[in-house]
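As structure tokens, the structure follows; a few thoughts come after it.
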Amino acid sequence: MPEPLKNAEPPPPRAQIREVPPPAAPAPAAIPGFEPRIIAFCCQYCAYSAADMAGSMRLQYPPNVEIVLVPCTGRFDVILALKALEGGADGVYAAGCLEGSCHFLDGNIRARKRVAYLKKELEAAGLDPRRVEMYNLSASQGPRFAEIAREFSGRIAELGPGPASGRSRGWRPGGGPLPGNRGFLRARADGSPGFP
Ligand code: FES
């Protein structure tokens, strides 16, 4: 039987052993030269007014954010977002009034639910759910509008081109096949249940 080592320290009690958290994954670097194309569905009352204010305050925000004016984010739906992504957008967001301030009562709440649903559907289709987002802001938040546009544009620049974007083939390392999301819209646009 081996003799116990002299001066050997007893092992620490279990309570003292702390788990070392795994290192955080490094943020992907933005692809040099890639200019994401972003579609922002903005409600005419708050988000669009905030965009207007950002313009009149001469605040800088990326010119690749294309604004689509909608009467309310309640008009934003899953099909619109998917059509934008399939049509070449790399990211899509809806920007509406602050919760409780929607001029159509709950349009922004419904939009938030649709965005949450869309994120799940994108994930299920193998796409990054961060390509869609929902923001709320008031008409007087011009600086916030510019900040959102910069933030989202930066996020999409890191993610790279949208897999359904026409530019994806050129950007995809090795030019591999596109994920099978081409039929994604068709598969669910024909009245299949589940759209909130
Ligand atoms: S009117 Fe702005 S979100 Fe409904």
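FYI, it's all coordinate maths here, none of it is from the lab. Treat the numbers as computed from the prediction; the structure is a model and nothing was measured. With ideal geometry, Cβ positions are generated from the backbone for all residues, glycine too; neighbour counts draw on all protein chains shown.
Evaluating 6.51 cos²θ - 1.76 cosθ + 1.60 at θ = phi - 60° for every residue in the stretch 58-67, the Karplus couplings come out as 6, 7, 7, 8, x, x, 7, 8, 9, 8 Hz, glycine and proline recorded as x. Residues within the reach of a label modelled at Tyr117 (point 7 angstrom out along Cα to beta-carbon, backbone nitrogen below 11 Å), restricted to the stretch 68-90, are 77-79.
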